[in-house]
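Accompanying notes for the structure given below.
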């Protein structure tokens, strides 16, 4: 089941309503009260970790539930500054951007093999020009941008880095403890964060 | 969230009930800043608090830093979900828990 999209706002009352809705949907998905509260906390921390980014654009949130997993999606406009992009990528569990699904992804793979050599080379291909231009190349024919994996490594700080103070990275620590995976997927003009909580454990 | 204060000389007890989150943490910080002048012993009772987010932790840290200068702060009766968040974020080592 996929819920309607909720337009995000900083107004406290509406924010509380959004969090209430997440908790309710989690309960509908047969999660325990405690897990539903965790989903509320997850949502709050995701919004907190991306604050300043989703407020500046039309941020939306929705949920997808299945017997296997509870998925929380947060979509916002692709930020223009590098620091904001780094902040988003750092939220992912892998420390890297995920590839968009579908045809573009497959096309990107084919083009990477054609343009950049052997299939087994350590190359990450993104059809969206999401990350830094440094170390990347564009195909004029397709408009796709290709990034070598080391570029992603530079963008995403190692997850083991020590926080600068007591509060640095606190949202991510909470998010990582709650969910099984966090994917950050850049598309042409927006970014989607998907937090996945497996239900069959 | 509801907040109850008990003042006894230079000792203050603040009891919280409900959720300490993005929308309620500013209320606590405002109350704390207004009340902590001259306080040397602060007890924060969390026995009826069933939810805390990073916004709430930030406020507790602000209170802890104020009290580090002027006295002591003890966090009492944290419920299991709240204690889990303290453990997860390293706040168990920052705060004095009872």
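At a glance:
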{"read-out": "Conditions (1) surrounded by fewer than 17 Cβ atoms within 10 Å (Cβ to Cβ); (2) more than 29 Å from residue A:15 (Cα to Cα): number failed by residue B:92", "value": "(2)"}
{"read-out": "Residues satisfying the stated conditions in region A:3-25, i.e. farther than 17 Å from residue A:191 by Cβ, touching a residue at least 40 places away in the same chain (Cβ under 8 Å) and within 14 Å of another protein chain (Cβ to nearest Cβ)", "value": "A:10, A:18, A:22"}
{"read-out": "Elements of type helices (runs of 4 or more DSSP H) contained in region B:41-98, each with 3 or more residues being within 9 Å of another protein chain (Cβ to nearest Cβ) and either touching a strand residue (DSSP E or B) at 6+ places or on another chain (Cβ under 8 Å) or at pLDDT below 95 (or both)", "value": "B:80-89"}
{"read-out": "Selected residue (only one of B:3, B:28 is touching a residue at least 24 places away in the same chain (Cβ under 8 Å), closer than 21 Å to residue B:79 by Cα and in a strand (DSSP E or B))", "value": "B:3"}
{"read-out": "Residue in region A:168-201 that is modelled with the highest pLDDT, counting only those that are more than 22 Å from residue A:33 (Cα to Cα) and surrounded by fewer than 16 Cβ atoms within 10 Å (Cβ to Cβ)", "value": "A:189"}
{"read-out": "Region B:9-18, residues that are more than 14 Å from every other protein chain (Cβ to nearest Cβ) and either without any contact (Cβ under 8 Å) to a residue 60 or more places away in the chain or buried (at least 19 other Cβ atoms within 10 Å of the Cβ) (or both)", "value": "B:9, B:11, B:12, B:13, B:14, B:15, B:16, B:17"}
{"read-out": "Test for residue B:21: is it surrounded by 15 or more Cβ atoms within 10 Å (Cβ to Cβ), touching a strand residue (DSSP E or B) at 6+ places or on another chain (Cβ under 7 Å) and either more than 10 Å from chain A (Cβ to nearest Cβ) or more than 18 Å from residue A:171 (Cα to Cα) (or both)", "value": "no"}
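Results for (1) closer than 24 Å to residue B:24 by Cα; (2) within 14 Å of another protein chain (Cβ to nearest Cβ); (3) modelled with pLDDT of 90 or more; (4) assigned to a helix (DSSP H, G or I), shown as yes or no for each residue.
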position	(1), (2), (3), (4)
A:63	no, no, yes, no
A:80	no, no, no, no
A:89	no, no, yes, yes
A:95	no, no, no, no
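The values are calculated or read from the model by the stated rules, or taken from the named source; none is laboratory data. None of these values were measured; they are calculated from a predicted model. No Cβ is skipped: glycine too gets one built from the backbone with ideal geometry, and neighbour counts run over all protein chains shown.
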